[in-house]
Structure formats: structure tokens, C-alpha cells
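Peer 1: Quick one: the structure is below, questions incoming.
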């Protein structure tokens, strides 16, 4: 009877005690979260309740397993397994707690500072810091697991003796990976590009969606994702439209006839922008920037608060201006001139032979004369 009750008491007691402690801890975190709504720390710490309970249960079982006297022939192997689970769950718990603290710090910073550029910069740094902490804790946990095996401790001396040669070989083999990792840290703390920045890379316009230690993802305007190594942004030029502020200036071009009503177009441009909610009201202008033998190049200059709004302003101005010209001033649109050239002042027109046919008017049919 004792052989049955002892394992039930030890194992069952460990599980029940773990559940009770986990429930009490979660209750305290919920009360703290309701009491301190200004910080999300307590709510984020509740995400760590699974690794927390796993650590408690494994620690209790590891400490009381010898008293249970279950599978005594495999006592060493089971003890080793519980130790490995304890190390892994502890690393999981540390990563969750670190992520909660870092996320709370970012949320507090974003609530106080209203500058979008600075907030995106801190967000990028926080994301990379969290991943670096997770990588370091994971490496330490794996090393601790390996050191629990006696054979690995015995081989440590020989491994240290060859560490220099292995380091050189690994450095040469992982040169590209290491360069990307250092480039990721340089991007995070050098403020070159941040999550949420609008960039143009390789002729593609998009928004930075994710930054890791090795790669960067850009979401284009047509919902495609371009994944690039972070070393690209430290070795090649690229456009960052969010650098130095999100406000932007856009340009719209038209090719029109020389008779285009420029003053009326300026008034119409102001009317269009007043009705466009994406225009920020900073500036608007319309000028002739070039001319050819048959057309004028007219440029409209508009402004907006960010890249998305400047795109909307440009397409709105282009569409509504063309529609207005076609409806009210169709002569201003570019056309092919088939009329006779105007003679200079005091010029004598060339005489025409009496037998020559009369000159054909523009758009006159060659046979019917209509």
C-alpha cells in the first residue's frame, strides 16, 4: 500500500501545489493589473504563467523524486530529464519576463513622446533587444543542459584547447551571417531605418514591416513582401522618406496646349486642395516648367503630412484637373494642329495660280470637300 500511496502523494502533491501557487499568483497579477491600469506590466506578466507553473512543478518533482521511490532502476535518467526540463522552462520564463519588461518600457515611452519618428526608433530597438536577449538566454540554457552530462564536462578541456582554430574556421564560414548580425545592431542603434519607415529600395516603394538581426521585410503598396538582408541597408544607398519627419512634398505634371488658362488652373488647384482632406495646407503652387513646339509642361506642387497622404493628394489633383479641363476648357488639352501656320506681321501671302484648286480646310474630306 505504501508503494502506491507514496508516489501518489509526492507526484500529486507537487501538481496540486503547483496549481494552487499558479492560481494565487495569477489572481494577484490580475488585481495588480486592474489597480494599475497605467502600465501593462502586470497583464504582460500573466503571459508567463505556463512556464512559471512548469518551473514550479519540475522543481518540486526534482526535489521530491527520491522520496517517491518510483522506477528506481531509472532514477538517474529521470533525474537528468527533470533537470533538463527545469533548465529549459527557466529559460522560457526568463525570456517571457524580459519581453514583458521591455514591452512595458516601450509602451510608457510611446505614451509620453508624440514624435512618430522617435517612437518608431525605440520600437525597432526594443524588438531587436528582445530577440538578442532571447538568443543569449537560449544559448546559455543549451550550454547549461550540455554541462549536466558528465561526458561533456570531461570533453570541455579538449574543446577549449581547439577553440582558437574552431573560432577561425567558424568566423570564415559564418562571415556573411556575422556581417548581417552586426548590420542589424547598427541599424537598431544607428537610427538608419526603423519599423514603419517609408523606403524605396531597388525601385520598390514600401513600408518597413519587420527588422531582425539578419533580414528586413518591406511591405510594398500592392501588399507584396520584399525580404532583404540587413547588410544591404549598410552598404548601398536607399531612400528613406520618413527620415527627418514624415511631411512630404509631391509634384504633378501635365502636358497641355499653349493656350491653357494658367490663372484659372491655379484657382482650380486651390479649390481641389481645399476639398481634399489629405492636403495639409502647407503649400500649393502651379508653374510652367518647360515648353516644346506643341505643348507646355505644367507642374503642380502640393504637400501632405506623410507618404500615404501625398500619394492621395497627387492622384486627386491629377484626375480632377484633367476632368475640369476636358469639361470647361477642352482647347487646353494637347492636340495635333492641322491648320495653316500664322503669317508674321506685314507678310505678303504667296500668290496662287488661277488653275490651282482652293486650299482644303482642316478636317475637310479630300473627295467630298465636306
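The values are calculated or read from the model by the stated rules, or taken from the named source; none is laboratory data. Owing to the predicted nature of the structure, the values given are computational and were not obtained by experimental measurement. Positions of Cβ are backbone-derived with ideal geometry, glycine not excepted, and every protein chain shown enters the neighbour counts.
Peer 1: Got a number for residues in the range 253-272 being surrounded by 19 or more Cβ atoms within 10 Å (Cβ to Cβ) and over 13 Å from residue 329 (Cβ atoms)?
Peer 2: Going through the range 253-272, the residues surrounded by 19 or more Cβ atoms within 10 Å (Cβ to Cβ) turn out to be 254, 256, 260, 265, 268-269, 272.
Then keep just the ones that are over 13 Å from residue 329 (Cβ atoms); that gives 269, 272.
Adding up the residues that qualify gives 2.
Peer 1: Have a look at 190, 203 and point out the one that is modelled with pLDDT under 85, closer than 20 Å to residue 122 by Cα and loosely packed, with under 15 Cβ neighbours inside 10 Å.
Peer 2: Working: 203 fails: closer than 20 Å to residue 122 by Cα.
After applying the criteria, what remains is 190.
Peer 1: Mind listing just one residue for me: the one in the range 246-291 that is touching a residue at least 12 places away in the same chain (Cβ under 8 Å), out of contact with any helix residue (DSSP H, G or I) (no Cβ under 7 Å at 6 or more places or on another chain) and assigned to a loop (DSSP other than H, G, I, E, B) and, of those, farthest from residue 198 (Cα to Cα)?
Peer 2: Here the answer is 258.
Peer 1: Next up: Report, by residue number, each residue of the range 292-307 that is surrounded by 12 or more Cβ atoms within 10 Å (Cβ to Cβ), out of contact with any helix residue (DSSP H, G or I) (no Cβ under 9 Å at 6 or more places or on another chain) and either assigned to a strand (DSSP E or B) or without any contact (Cβ under 8 Å) to a residue 60 or more places away in the chain (or both).
Peer 2: Going through the range 292-307, the residues surrounded by 12 or more Cβ atoms within 10 Å (Cβ to Cβ) turn out to be 294-307.
Among the residues that remain, those that are also out of contact with any helix residue (DSSP H, G or I) (no Cβ under 9 Å at 6 or more places or on another chain) are: 294-295, 297, 299, 301, 305, 307.
Selection gives 294, 295, 297, 299, 301, 305.
Peer 1: Can you find a residue that is more than 30 Å from residue 130 (Cβ to Cβ) and surrounded by 13 or more Cβ atoms within 10 Å (Cβ to Cβ) anywhere in the range 212-229? Explain how you work it out, then say what you get.
Peer 2: As a first pass, look at the range 212-229 and keep what is more than 30 Å from residue 130 (Cβ to Cβ): 222.
Checking the rest, the ones that are also surrounded by 13 or more Cβ atoms within 10 Å (Cβ to Cβ) come to none.
Scanning the range 212-229 turns up no residue that is more than 30 Å from residue 130 (Cβ to Cβ) and surrounded by 13 or more Cβ atoms within 10 Å (Cβ to Cβ).
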